[in-house]
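What follows is one structure encoded as structure tokens, with my remarks underneath.
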Amino acid sequence: MLGTAVALSGAATVAASGGGAAPAMVAAGRAPAGPTLETIELVSGRAAAAAGAVPRRTTRPFSLVGATWTDPRAALAGAVEVRTRRAADGTWTGWQPLEADGVSPAEPGSRGGTDPLWVGDSDGIEARVVAGPGRAGAPAGLRLDLIDPGDPPPAAAPPAAPPQGTARVAVQPRPAPRLVSRARWGADESIVRAVPEYSTDVQVLFVHHTAGTNGYRCSESAAIIRGIQAYHVKSKHWDDIGYNFLVDRCGTLFEGRGGGVARAVVGAHTLGFNSRSSAIAVLGDYSGRSVTAKVKRVIAQVAAYKIGAYGNTPAGRVALISGGSDRYRKGSRATLNRIAGHRDTGKTECPGSSLYAQLGSIRSIAAAGPRNLALSKLNGATRVGRTWYTRGVIRPFWRVATPTSLLYRFDLLVDDALAASSPSGHRSDPLRIPAGRHKLRIRAVALNGRTANATVTIVSDRTLPRFTGGPSVLLRTGSLNGVVPVRVRWAAADVGGLRRVTLSGPATVGLGGGVRTWAGAVRAGVPTTYGLRATDRAGNARSVTVARTAVLVAESRAARTGAWRTLGGRAYLGGGALRSTAANASLSWSFTGRSASLAVSRTAASGRVQVYVDGRPAGMIDLRSPRTLNRRAVWTRAWNDSTRHTVRIRVEGTAGRPGVIADGLVYLR
């Protein structure tokens, strides 16, 4: 059932009706995975006026909220404000208004409404309607509309590959080898005798050579291939050029028989075994000379591309049924390497003894998995030990030793779910990591289907660090020669761990995450801002500041009892001090502040003083020092708040060294 509106004197308060019954859900007209709508009445029937505090309620999950009302021609008098509860950690946001642009034209059957507000994953709401100045009431039928956007419908899995990862991420298509197309090498399509014929798959790549000369210039390769096509068609009466691919001695790959590089086109290249196979011919004669490393890699690439497309390793073996050749009679079974030479099925020297001897290494290249995959850097994240920390958006960079031509794609998986897929030539990709601790895996996929993985642990943290204590500024002991010694203390925490704390004032100092105090000095009488910035491992940061002024009160302003003698000289603060040897002689200062310290001169003959704070003993201080120390802050005390206090010192009259020299009092306000 719908929530109800409790009409107060100035606000409509969202409250559940009934004994905790679940709010009604209005289907959004989509499949269950699509968006859903929950409505909660603020004002029903006639308009009502409202103002005041409102209770909170639990809702079903939503991420967007707006307010709507019955008549689209009506304007919202005042404002609707909401607070929402974050589903992740249960914290409530501050009040946020739902912006309304006033009356606007609307189609019949529509509702008036505010602009929607995106609030992220939430499961609770609090709302109020505040009347505008001089205007009362809210439009009839005013309600909250809570939207759960749901998930997009799953995408269809790529037909040539088994489903993997999450359906909402598109897997990159298999990249075809870079080659010179038929149009570019000038294939004569007018002489092609028939439409292409296709088989079910490609199980074997046969390697040929065209024989002839090796002395051609690579700029002549296209002309050579045009000649081969004409020969195959016009002289041999084949439908088209027989080879599916050709490669020249410089390693340039050419498209052969038409019908589609990615398809299982039946060629005319290996008698009895043209079906379920593909063929590549190297221009030239390789009976007595080997092909270059580049040509080997191109042959391996084509093998991985064609054979790997059907889930087979180029290094394997397969049994095929012969259609009839001079080595295998029709219907006989031939067990072949998946990268085979023409001579394996026919009585021929093709592809030449030297090239044939290289087929083993070509198989190794074609069948190898991605080598030395590693994460090289991770932008948007900081590494601490073996764990990376991010605020959410990262860009991983990776490296791999395998040539791009032998790679299919790179996948980025978060907790084994596919989050992104990149082409083989990419070495980085942006990615958003959901909150929490996750396993990020970079998966390199070769053309032959083999994979390699590089995995790291990553924590996505969008929560700001917290200052759980302070910053508090205290006076400390030390020299008062032109400055006042101070100490700043604080406590900071973060769910993922602090990376550092930086003091931004009165000095700029970088501190470690475990540091909780800083000692420095400031000028007296000058308002000073103390700033701290806590940064967590993910890069979230929070700053705090406090302002304090160190005030120096001269000894001459103290209330005195007993005998005191005035001293003069540059060694003392303000050029003067008070000295007493009389037991029970005292000085007292009253002030309003947060911290205080005594200013004295210390000598080898100085005695002790009893300190009182607000009439209570606060310690006995021995002012003796092996060497004379003027303008020294001794004894400090601090309070949580700035309040009124009185500090009094009483001379003890220490035997053999009764004298003390008082130079004033310092306090922080």
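So here's what we get for this one:
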item	result
Residue check, Val318 of a type in the set (A, V, I, L, M, F, W, C), modelled with pLDDT of 95 or more and assigned to a strand (DSSP E or B)	yes
From the options Gly574, Gly619, Gly615, residue that is at positive phi, surrounded by fewer than 20 Cβ atoms within 10 Å (Cβ to Cβ) and touching a residue at least 40 places away in the same chain (Cβ under 8 Å)	Gly574
All strands (runs of 3 or more DSSP E) inside the stretch 380-424 with 2 or more residues being aromatic (Phe, Trp, Tyr) and outside the structural domain of Gln301 (by TED's automatic domain parsing)	387-399, 407-414
Selected residue (only one of Leu447, Leu464, Leu474 is of a type outside the set (Phe, Trp, Tyr), within 30 Å of Arg542 (Cβ to Cβ) and buried (at least 21 other Cβ atoms within 10 Å of the Cβ))	Leu474
Search result, residues across the stretch 258-283 that are closer than 22 Å to Gly324 by Cα, over 45 Å from the mean Cα position of the chain (by Cα) and either at pLDDT below 95 or assigned to a loop (DSSP other than H, G, I, E, B) (or both)	Val266, Gly267, Ala268, His269, Thr270, Leu271, Gly272, Phe273, Asn274, Ser275, Arg276
Number of the condition not met by Val82 [criteria: (1) among the aliphatic types (A, V, I, L, M); (2) buried (at least 16 other Cβ atoms within 10 Å of the Cβ); (3) at pLDDT below 80]	(3)
Set Ile224, Ile241, Ile228: member being part of a helix (DSSP H, G or I), out of contact with any Asp or Glu (no Cβ under 8 Å at 6 or more places or on another chain) and among the hydrophobic types (A, V, I, L, M, F, W, C)	Ile228
Count - residues of the stretch 417-438 that are in contact with a strand residue (DSSP E or B) (Cβ under 7 Å, 6 or more places away or on another chain), touching a residue at least 60 places away in the same chain (Cβ under 8 Å) and farther than 23 Å from Ile307 by Cβ	5
Hits in the stretch 486-537 - residues which are surrounded by fewer than 17 Cβ atoms within 10 Å (Cβ to Cβ), within 28 Å of the chain's Cα centre (by Cα), small (Gly, Ala, Ser) and part of a strand (DSSP E or B)	Ala491, Ala493, Ser504, Gly510, Gly512
Of all residues in the stretch 322-331 being under 25 Å from Gly360 (Cβ atoms) and over 58 Å from the mean Cα position of the chain (by Cα), the one that is modelled with the lowest pLDDT	Asp326
Residue check for Arg462: in a strand (DSSP E or B) and out of contact with any Cys (no Cβ under 8 Å at 6 or more places or on another chain)	no
Positions within the stretch 577-600 being in contact (Cβ under 8 Å) with a residue 60 or more places away in the chain and polar (S, T, N, Q), in sequence order	Ser580, Thr581, Asn584, Ser586, Ser588, Thr592, Ser595, Ser597
Qualifying residue in the stretch 274-292 (condition: among the basic types (Lys, Arg) and either surrounded by 20 or more Cβ atoms within 10 Å (Cβ to Cβ) or in contact with a strand residue (DSSP E or B) (Cβ under 9 Å, 6 or more places away or on another chain) (or both))	yes
Residues of the stretch 450-461 that turn out to be more than 17 Å from Ala538 (Cβ to Cβ), buried (at least 17 other Cβ atoms within 10 Å of the Cβ) and either under 25 Å from the mean Cα position of the chain (by Cα) or without any contact (Cβ under 8 Å) to a residue 24 or more places away in the chain (or both), as a count	2
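The values are calculated or read from the model by the stated rules, or taken from the named source; none is laboratory data. A quick note: this is a predicted structure, and the numbers were derived from the prediction, not measured. Positions of Cβ are generated from backbone atoms using ideal geometry, with glycine treated the same way; all protein chains shown enter the neighbour counts.
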